Structure formats: structure tokens, C-alpha cells
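Since the structure comes first, as C-alpha cells, the remarks are kept for the end.
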Amino acid sequence: MNLIDRHEYILAQLKKSEHVTVMQLCKDLNVSTVTIRKDLKQLEDSNLLFRTHGGATNKNPYIIDRNVFEKEKFYSNEKALISKCAVSYMESHESIIIASGTTMHALADAMDSNMELNVITSSLQVSMKLNQFPAVEVLQLPGILRKSSISISGHYAEQILGDYFCSKLFIGVDGIDLTYGLSTTSGQEAKLNKAMIQSAQKVIVLADSSKFGRKSFGRICAIDEIDIIITDHGITPYYKEEIEKLGVKLIIAE
């Protein structure tokens with residue numbers, strides 16, 4: 001198979017699955033890893049794909065920060081389904097942490113107003129929503145207001161978390177990359193998220209399928225440091241299989 005045929009095959013495979021691996025392409029095309037890596041570089045130079053660790057994707061893996069009101073317009077139906085599923089993991093009389101982000105806003109909207117909970121959160125919008133629930137005690141973390149997400153970050157918030165331990169952390173992310181791990185567009189928010197993980201027994205990530213294969217500025221943790229990911233049916237078989245290989249429970253919201 002010549003170079004043009006190989007390139008057409010690679011792009012066709014990406015159209016089917018959004019991700020290809022070097023090893024699978026070597027097997028399919030009966031060529032060396034050196035040849036495939038050169039092919040991928042040429043295609044990337046032509047802006048036809050993005051190289052990743054061990055393969056390539058047709059989806060831009062790099063995320064820029066957006067205002068929370070803009071982000072709420074994307075994947076709203078998926079976020080609602082994911083949040084509804086996540087609520088089933090909450091139990092009355094437990095203490096939980098809810099991080100910030102549009103998926104966390106959807107989670108607050110999906111919660112039962114009659115639940116008895118202690119909730120620690122960095123999100124002002126989550127606090128305002130849960131303040132309407134008579135049996136929910138809210139601890140709003142203090143610190144620097146991040147205007148783009150209407151949430152708190154910084155040293156004060158991290159310090160307060162050191163005095164508490166909760167049964168579960170519900171967290172949204174901007175990217176889930178198999179090697180880079182979980183990430184967010186803000187370095188300060190990533191640091192606070194790390195402190196949240198240290199203050200929770202179980203970490204539950206709520207992420208729509210667009211977040212897989214992407215990475216952002218602030219790294220939160222490796223994938224195998226979390227317990228559960230709840231996502232939607234848009235996740236590709238490749239990422240589903242790889243996530244489960246890491247020992248993380250993957251749930252598809254119905």
C-alpha cells in the first residue's frame with residue numbers, strides 16, 4: 001500500500017472511531033511503527049488529525065477556557081442524564097463535596113430537595129441552588145472568585161478542606177486523557193480539585209463524552225486515582241475499554 005492509500009485508510013479509520021493507535025495501524029497496513037509515525041506527522045502537519053500518545057485523533061485534544069454561560073449551552077441533555085444518574089449515588093445523612101462547573105450545576109438541579117446532606121462546594125451557583133433545600137447544610141468554600149466559572153479557588157479553600165473528610169466527591173473536568181489524566185483549564189482550580197480528592201473517600205467524575213481524549217492546562221490527577229466515571233453513550237469503544245482496563249468503574253447514563 002502506497003503513502004496516499006495509507007493516509008486515506010488512516011483518515012477513514014478516524015472518521016469511524018475518532019481515535020487510532022500506532023500498533024493497530026501497523027498491524028492493519030503491515031508496515032513498521034516508523035512508517036506510521038511519519039504518516040501521522042505528515043497528516044498532522046496538513047491539519048488533518050492530532051497526534052496523541054501512541055496514536056492519533058481527529059478531535060482537537062487541547063481545551064481553552066470558556067465562560068460558564070457559554071459552556072452551559074454544550075451537551076446540556078447529556079449533562080442532565082449524567083447528573084440524574086449521579087444522584088443515585090447520594091445517600092441521605094452523608095457528607096459530600098461538589099466541585100464547580102456546568103455539570104455540577106446540572107447535578108444540583110437534579111438533586112432531591114428533601115435529601116438530608118452536608119455539602120461542601122466551591123461553586124457559588126451550586127450553593128445558591130442548594131440553599132433552597134431545607135435539609136441540606138452548605139459549606140461554601142472561601143477564597144478567590146474565578147469569574148469565568150463563578151466558583152472559588154485558592155489557598156483559603158484548600159486550607160479549609162484539610163479540616164473535613166467526606167464520603168464522596170462529585171467532580172466535573174475539562175479533559176480526560178489516558179496518559180495525562182484528568183485536567184481543567186485553570187491551574188488554581190486543578191490544585192483545589194487535588195485537595196478535594198484528598199478529602200473524599202470516593203471520587204465520582206461526571207463527564208460527557210466530548211471530554212475524552214482531551215487535555216487542558218491544569219492537571220488534576222491520573223485516571224486510576226478516581227473510582228467512578230459517569231458519562232453518556234457518545235463515548236467511543238476505545239476509551240470505554242481503556243478506562244475499564246485502568247480499574248475505574250465506567251457508567252453510561254441512560
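The values are calculated or read from the model by the stated rules, or taken from the named source; none is laboratory data. No experiment lies behind these values; they were computed from the predicted model shown. Every residue, glycine as well, gets a Cβ built from its backbone with ideal geometry; the counts of neighbours run over all protein chains shown. Keep in mind that these areas ignore ligands, DNA and RNA; they rest on the heavy atoms of the full protein, side chains included. Shrake-Rupley method; radii C 1.70, N 1.55, O 1.52, S 1.80 Å.
Note down the magnitude of the dipole of the range 112-200 about its Cα centre, charges +1 on Lys and Arg C-beta and -1 on Asp and Glu C-beta and zero elsewhere, to the nearest 20 debye.
On the way: 6 positive and 8 negative charges, 44 e Å.
Rounded to the nearest 20 debye, it is 220 debye.
Note down, for the range 46-165, the three equivalent ellipsoid semi-axes (square root of 5 times each alpha carbon gyration tensor eigenvalue), biggest first, whole angstrom. Write out the running numbers ahead of the final one.
Working: eigenvalues 186, 67, 39 Å².
With the √(5λ) rule applied to the range 46-165, the semi-axes are 31, 18, 14 Å.
In the range 4-59, what is the volume of the convex hull around the alpha carbon atoms, normalised per residue and reported in Å³? The partial results should precede the final answer.
Numbers: hull volume 3.7 nm³, N = 56.
That works out to 67 Å³ per residue.
When the Debye formula is applied to the Cα atoms of the chain, each taken as the same point scatterer, what base-10 log of I(q)/I(0) results at q = 0.17 Å⁻¹?
With one equal scatterer per Cα and no solvent, log10 I(q)/I(0) is -1.22.
Only Lys, Arg, Asp and Glu count, each charged at its Cβ (+1, +1, -1, -1), so figure out the dipole size of the chain about its Cα centre, rounded to 20 debye.
On the way: 28 positive and 31 negative charges, 149 e Å.
The dipole of the chain has a size of about 720 debye.
Between D28 and A135, with labels modelled 7 Å along Cα→Cβ, what's the label distance in nm to one decimal, could you check?
5.3
Cα centroid distance between the range 99-154 and the range 185-228, in Å?
Each part's Cα centre sits 17 Å from the other's.
Using Stokes-Einstein with the Kirkwood hydrodynamic radius over Cα pairs, what translational diffusion coefficient do you get for the range 107-251 at 37 °C and a viscosity of 0.692 mPa s, in µm²/s rounded to a whole number? Mind dumping the intermediate values first?
Working: Rh = 15.8 Å.
Translational D for this selection: 208 µm²/s.
Of all DSSP beta bridges in the range 109-241, what percent run antiparallel (nearest 5)? Intermediate values should be presented prior to the final figure.
Numbers: 10 of 25 bridges.
Bridges in the range 109-241 that DSSP calls antiparallel: roughly 40 percent.
Give me the percent of DSSP beta bridges within the chain that run antiparallel, rounded to the nearest 5.
Numbers: 16 of 44 bridges.
Counting DSSP beta bridges with both partners in the chain, the antiparallel share is about 35 percent.
Under 10 Å, Cα contacts only: if you run a Gaussian network model on the chain, which one of A56, A200, A135 comes out with the highest mean-square fluctuation?
Between A56, A200, A135, it is A135 that shows the largest mean-square fluctuation.
How far, in nm, would the chain grow between E116 and F165 when pulled straight, counting 0.36 nm per residue and subtracting the alpha carbon separation?
Details: separation 49, 0.36 × 49 = 17.64 nm, distance 1.72 nm.
Once the chain is fully extended between E116 and F165, it gains 15.9 nm.
At what distance in nm do the modelled label points of K16 and D224 sit from each other, each positioned 7 Å from its Cα along Cα→Cβ?
3.0
In square angstrom, what is the accessible area per residue of the chain with a 1.4 angstrom probe? Walk me through the numbers before you get to the answer.
On the way: 12530 Å² over 254 residues.
Per residue, the chain has an accessible area of 49 Å².
Per the helix-only calculation at 222 nm, which mean residue ellipticity applies to the chain, given -39500 (n - 2.57) for every DSSP H run of n ≥ 4 and division by its residues, nearest 500 deg cm²/dmol? Each step should come with its number before you reach the end.
Numbers: 10 runs with 96 residues, N = 254.
Here the helix-only value at 222 nm equals -11000 deg cm²/dmol.
Quick one: if you stick a label point 7 Å off each Cα along the C-beta vector at E254 and E44, how many nm between them?
Placing both labels 7 Å beyond Cα along the Cβ direction yields 4.1 nm.
Can you list residues from other chains, or at least 5 along the same chain, whose modelled amide H is less than 5 Å from the amide H of I220?
When sequence neighbours closer than 5 places are left aside, the close amide H contacts are L182, S183, T184.
Can you pick out the pairs among K84/K202; K191/K245; K16/K240 whose Cα atoms lie more than 24 Å from each other? Please list the in-between numbers first.
Details: K84/K202 18 Å; K191/K245 27 Å; K16/K240 15 Å.
Cα-Cα > 24 Å for K191/K245; rest within.
Hey, what's the Kirkwood Rh for the range 85-133 if you take every pair of different alpha carbons, in angstrom? Can you show the working numbers first?
Details: mean 1/r = 0.0930 Å⁻¹.
For the range 85-133, inverting the mean 1/r across all distinct Cα pairs yields 10.8 Å.
Mind checking which of N77, L49, V173 is farthest towards the positive end of the chain's charge dipole, using Cβ charges of +1 (Lys, Arg) and -1 (Asp, Glu) about the Cα centre?
Checking the options against the dipole of the chain, the answer is L49.
Amide H to amide H, which residues 5 or more places from L139 or on other chains are under 5 Å from it, using H placed in the peptide plane?
It is V119, I120, T121, by chain and number.
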